[in-house]
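Have a look at the structure below, then the notes.
The values are calculated or read from the model by the stated rules, or taken from the named source; none is laboratory data. Everything quoted here is computed from the prediction, not taken from an experiment. Neighbour counts are summed over all protein chains in view; Cβ atoms, including those assigned to glycine, are modelled from backbone coordinates with ideal geometry. What goes into the accessible areas is simple: the full protein's heavy atoms, side chains included, and nothing from ligands, DNA or RNA. Shrake-Rupley method; radii C 1.70, N 1.55, O 1.52, S 1.80 Å.
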Amino acid sequence: MRDKSTTEAEINNAWNKVLLARKITRFRSLDIIKHIFNSFIELHGDRNIGDDRSIIAGIAMFDQQAVTVIGQQKGNSQKEMEYCQYGMTKPEGYRKALRLMKQAEKFRRPIICFIDTPGAFPGVSAEKNGQAEAIARNLYEMANITVPILSIIIGEGGSGGALALGVANRVIMLENAIYSVVSPEGCASILYKDSRKAPVVAGHLHLTAIDLKNYGIIDEIISEEGTESSIFDRIKQSIEGELYRCSQLDGDELRKERIERYRNIGSEIVFS
Amino acid sequence: MSQNLFFKCTKCGYITERKKVEVNNYVCLSCGYYETLDYKKRLDMIIDQNTFTETNIHNDFHDPINFPGYRTKHEEILSRSNLNEAVITGSGYIDGQKVMIGVMDTRYMMGSMGVVVGEKITRLFEDAEDEKLPVIMFIASGGARMQEGIFSLMQMAKTSAAVLRFSEAGGLYISVLTNPTTGGVSASFAFLGDIILAEPGALIGFAGKRVIEQTINEKLPFNFQTAEFLMDHGYIDLIVERKNLKSTLSDILKIHDQENNKFKLEDNIGSINLLINS
Ligand SMILES: [Zn+2]
C-alpha cells in the first residue's frame, strides 16, 4: 500500500504536524482572541436549543475596526477539554455562529473565524438536532454573506466540522495546523481496517499547510517560530492586511470572490 | 438457481422471482426493505420513457492528490459495472414536465463525492438556471471521497454555493434522500432542497453509527438515523413510498409551475386584479 509518490520524510512530516496540531498544551482560540482584540464581548446561544461550549463567539474591536469573532475552543487539560467537548461542535454551535455572522452582516462588520476541531460532534443529540442540516446551512449562508470573512485554521481543521466555519474570502493556516476531509485514523480504519496505519495515511492525505498552499486551497501560512506572543502578532498582521484588502471590495464583490474561490476547484474538468 | 431469475433481499435474505420484486420497485415482498437502486433503475422509475438525455459526460479519471490504490479501485469498478463516477446527470420529463435530474449510484465508491461528482452537480444547477428548469437530486452517498482529500471537502462548499445561486434565481430544487445519505453529502446539497423527500427506512445522518458509539459510548435509539427519525425531528418534509414517488414529484412540479400561479412574482398585481374582476 506504500506509494512511491509519498516519501518517508513526507509521511514523518505529515504525522508530526498531526501530533503538533493536537498537542494538549497548544494555544487555543481564546488565547489568540485575548491577545489580538480589544473589548471582546462574548455572545451566547443559537436562540433555539442552547449554547455550544465548543464555540466562543462575540463582538470586539480589532484596532480601530469593529469585528465579529468566532472561534472553536479546546482546552489545555482533560477537564477543560471535556468542558468544551474537545472542540467538537454541535448543531447549536454552528447555528450560533451563523446567527452572529448574520448579525455581523447587518452591522457591516468583518467576520474572523478561528478553526480548531477534530470534527463535528458525533452523538445522538447532534444527529437529532440536524447536524447535517446545520453544516449545510452554514456552507450555503456563508457563501452569500456580503461582509469579509477570514478563516484561520489554528490547530485541527477536521472535515465538515471545520469547513462549516471555513467558507471564507481568505483561508489562512498556522504552520503546524492540519486540514483534512477525514482524520488519518478514520481513513486508515475505513480503507485498511487498521487505524495504526494513520501515520502513513496522514502522508497520503496531504493535510499539511504547505501541501494545501501548493494546491491553492489555502492562501497563506503563518510561521510558528518564536514565542506564542510573536505568533499571535503575526496572526494580527495577517488579519490587518486581509481586512485592508477586503476594504477595497464592495459587498457584492466580496460575495462573488468567495463563491468563485470554491467554484473554481474542479472547474478545469473536461466534459463532453 | 439462476441469479437473473431470482432475487435475494439484502436485508432478510428472502428469495423470490426477480420479476415480482421488479414490479414491486425492488421493495422486498417479505420484509419491506428498500433495495438501493442503480441509476438506470431509478431513472426508469421516475423519468418518462425515452426522454432522458445525459449531460456533462466525462471520461477521464481524476486523482488530485495521487492517492495510493485509487486508480486501481476505479478500474475495478469500471470493469465490473461500466460506471466511471458516482453521479449521472441530465434532463428528462416527469409526466411531460421537463426537469434536470441527478442520480447518485452507490456502486461507484459508495456514491462518494469527489471533484467530478461536485463539478457535475454544480453544473446541473447552473444548466438548470440557464434553462429555467427545476432540479431533482436523488441522493445515495456515503459522504466525501477520502481518496481525493481536501479537494473532496471543498466540493461541499462548491455544491452548497451552487444551490444558493440557483435558489436566488428562483429555481425549485427537490432533493430525495435514499439509502444511504450520510457524511459530507448529507451536510451539503442533500439538506438544501426547497423540498426534502425521503424513502422509508433510508439511513440518513451525518456521523457514522460506529463512530458515535465509540466516541460517546451512547446507546442508539432503535430508529436512529432513519428517514422516520429525521422526519420526527423536523428535518424532512415527507417520506414517500417508492411506488408513489413519481406521482408525488409530478404533483410538486405542477404546483410550482408558474402557469398554475396567479400570484407569480412578475405580474402579481395584475393577477390580483384579474381575480377580483372574475
Ligand atoms: Zn427482505
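The table that follows gives values for the structure above.
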{"item": "Degrees between helix A:91-106 axis and first principal axis of chain A (Cα, 0 to 90, nearest 10)", "result": "40"}
{"item": "Whole-Hz couplings from phi, Karplus 6.51/-1.76/1.60, listed for region A:179-190; x for Gly and Pro", "result": "8, 8, 6, 8, 5, x, 5, x, 5, 5, 6, 6"}
{"item": "Dipole magnitude (debye, nearest 20) for chain A, charges at Cβ of Lys, Arg, Asp, Glu", "result": "540"}
{"item": "Cut-off under 5 Å, modelled amide H: who pairs with B:Ser141 long-range", "result": "B:Thr181, B:Thr182"}
{"item": "Between helix A:228-247 and chain A: long-axis angle, C-alpha atoms, 0 to 90°, nearest 10", "result": "60"}
{"item": "Separation of alpha-carbon centers, region A:75-95 and region B:188-209, rounded to whole Å", "result": "26"}
{"item": "Antiparallel bridges, percent of DSSP beta bridges restricted to region B:37-277 (to nearest 5)", "result": "35"}
{"item": "J(HN,Hα) series, region B:229-241, from Karplus relation 6.51 cos²θ - 1.76 cosθ + 1.60, nearest Hz, glycine and proline x", "result": "4, 5, 5, 4, 9, x, 9, 9, 6, 7, 9, 10, 5"}
{"item": "Percent of beta bridges antiparallel (DSSP, region A:3-262, rounded to nearest 5)", "result": "40"}
{"item": "Top of B:Met100, B:Met231, B:Met156 by mean-square fluctuation, Gaussian network on chain B, Cα under 10 Å", "result": "B:Met231"}
{"item": "³J(HN,Hα), Karplus 6.51/-1.76/1.60, whole Hz, each residue of region B:30-40, x for Gly, Pro", "result": "9, 10, x, 5, 8, 5, 5, 9, 7, 5, 5"}
{"item": "Number of partner chain Cβ atoms within 10 Å, mean per residue of A:159-167", "result": "5"}
{"item": "24 Å Cα-Cα threshold exceeded, pairs from A:Lys79/A:Lys128; B:Lys11/B:Lys209; A:Lys79/A:Lys102; B:Lys120/B:Lys254; A:Lys236/B:Lys158", "result": "A:Lys79/A:Lys128; A:Lys79/A:Lys102; B:Lys120/B:Lys254; A:Lys236/B:Lys158"}
{"item": "Solvent exposure ordering (accessible area, 1.4 Å, most first) of B:Lys40, A:Lys106, B:Lys98", "result": "A:Lys106, B:Lys40, B:Lys98"}
{"item": "For A:Gly119, distant residues with modelled amide H under 5 Å away", "result": "A:Thr89, A:Gly158"}
{"item": "Accessible area per residue, Å², region B:128-278 with all protein chains present, probe 1.4 Å", "result": "44"}
{"item": "Cα long-axis angle, helix A:8-22 against chain A (0 to 90 degrees, to the nearest 10)", "result": "40"}
{"item": "The protein assembly as shown: antiparallel DSSP beta bridges as a percent of all, rounded to 5", "result": "40"}
{"item": "Loop-located trypsin sites (Lys or Arg not before Pro) in region A:169-272, at most 14 other Cβ atoms within 10 Å (DSSP)", "result": "A:Lys193"}
